[in-house]
């Protein structure tokens, strides 16, 4: 582009010089002046083009850096969600939910729940129960459902959301990276109308909100309205 503009300026300069030598009167001055103005205009155009090109390069670098930062953050989140320690896993999940704009709190009333989620787009509350493995105790889930029902979950419009770590503990190259809920657990979730998601699904939801600008309230409203069982995207 620059070489083309320089060549064009050279042609304009030659035209102006030729007009000064060969033409007479107003035509001589008019063509020469027009050539000078055109050369000045090409200079300005070149400056504008340079600025646009520099801006495009800067924006591209910024986008690449932002994408790299997001990818790094996503890897850190994925790593944190693989933690089998329930206390640390709960802290990680709470941080993600706060980052999505939800209000997260502890509950004295529902003593077996780990956290309560509230949001403007939810029709009620989501009571979180977090377990370190999808192969969790079935008896614990039954007890949880009974306890919440007795505490008044229906009146509080509270739905139980079970978040289970489904990390297989292995890398994709070495074996099974993620596990699924066992059949007995899936059946019990449906029976007790408990909504179950894995940490893998939670991470996917988080990425949809952060990377794809999905509305967290709409996504979690779908979870809240789920009849019970394993929620899948």
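The values are calculated or read from the model by the stated rules, or taken from the named source; none is laboratory data. Only a predicted model underlies this, so the values are computations on that prediction, with no experimental measurement involved. Note: ideal-geometry Cβ built from the backbone for every residue, glycine included; neighbour counts use all protein chains shown.
Some notes on this structure:
- In the range 159-166, the count of residues that are more than 26 Å from residue 100 (Cα to Cα) and not in a helix (DSSP H, G or I) is zero.
- Screening 93, 117 for residues that are surrounded by 15 or more Cβ atoms within 10 Å (Cβ to Cβ), closer than 16 Å to residue 198 by Cα and either at pLDDT 80 or above or assigned by TED's automatic domain parsing to the domain that holds residue 199 (or both) leaves exactly one candidate, 93.
- Inter-residue pairs, beta-carbon under 7 Å, first without any contact (Cβ under 8 Å) to a residue 40 or more places away in the chain and in the range 83-95, second surrounded by 19 or more Cβ atoms within 10 Å (Cβ to Cβ), 6+ apart: 92/81; 94/104; 94/115
- Test: residue in the range 171-185 that is at pLDDT below 90, surrounded by 13 or more Cβ atoms within 10 Å (Cβ to Cβ) and in contact with a helix residue (DSSP H, G or I) (Cβ under 6 Å, 6 or more places away or on another chain): yes
- Residue match in the range 134-148 (condition: free of Cβ contacts under 8 Å to residues at least 40 places away in the same chain and outside any helix (DSSP H, G or I)): yes
- Residue check for residue 139: out of contact with any strand residue (DSSP E or B) (no Cβ under 7 Å at 6 or more places or on another chain), loosely packed, with under 14 Cβ neighbours inside 10 Å and assigned by TED's automatic domain parsing to the domain that holds residue 210: yes
- Per-region count, the range 62-116, residues out of contact with any strand residue (DSSP E or B) (no Cβ under 7 Å at 6 or more places or on another chain) and not in a loop (DSSP other than H, G, I, E, B): 26
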